[in-house]
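The values are calculated or read from the model by the stated rules, or taken from the named source; none is laboratory data. Remember, it's a predicted structure, so these values are computed and weren't measured experimentally. Cβ sites come from the backbone with ideal geometry, for glycine too, and all protein chains shown count toward neighbours.
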Amino acid sequence: MTVLVTRSDGGTDEFARYGDRYVKLGDGSLEINRVGAQQPTRYPAGDWTTVSGDEKRSHRGLFRRTR
C-alpha cells in the first residue's frame, strides 16, 4: 500500500513499496518504515500535516496480563 505524506510546506512524499507502513510517535513526529530499508524515514513534529496509507499495528497483543 502506498503511504502519502503531506509536508507542512505543501509538498507531498509518496512511499510506494509493498509493506511500507507509518507510525505516529507520541512526540508528534512521524516515522515511515520501508521494507528493505535499514533506517526509517522520519519527519519531526511540525514538518508534516497529514498522512494516509497503512498504519503499523501495535505490538500489544489482544489479551493483556494483569498482576
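Note on the stretch 11-47: among residues that are of a type in the set (Ser, Thr, Tyr) and at pLDDT 90 or above, the one that is surrounded by the most Cβ atoms within 10 Å (Cβ to Cβ) is Tyr22.
Regarding the stretch 1-10, can at least one residue be identified that is assigned to a loop (DSSP other than H, G, I, E, B), modelled with pLDDT under 90 and small (Gly, Ala, Ser)? Walk me through how you get there before you give the answer.
Step one: list which residues in the stretch 1-10 are assigned to a loop (DSSP other than H, G, I, E, B), which gives 1-2, 8-10.
Still in the running and modelled with pLDDT under 90: 1-2.
From the residues that got through so far, the ones that are small (Gly, Ala, Ser) too are none.
No, the stretch 1-10 contains no residue that is assigned to a loop (DSSP other than H, G, I, E, B), modelled with pLDDT under 90 and small (Gly, Ala, Ser).
Cβ-Cβ contacts under 8 Å between residues 6 or more apart (or on different chains), taken from a first residue in the stretch 17-46 that is under 13 Å from Val5 (Cβ atoms) to a second residue that is small (Gly, Ala, Ser) and buried (at least 16 other Cβ atoms within 10 Å of the Cβ), are listed as Asp20/Gly53; Arg21/Gly53; Tyr22/Gly53.
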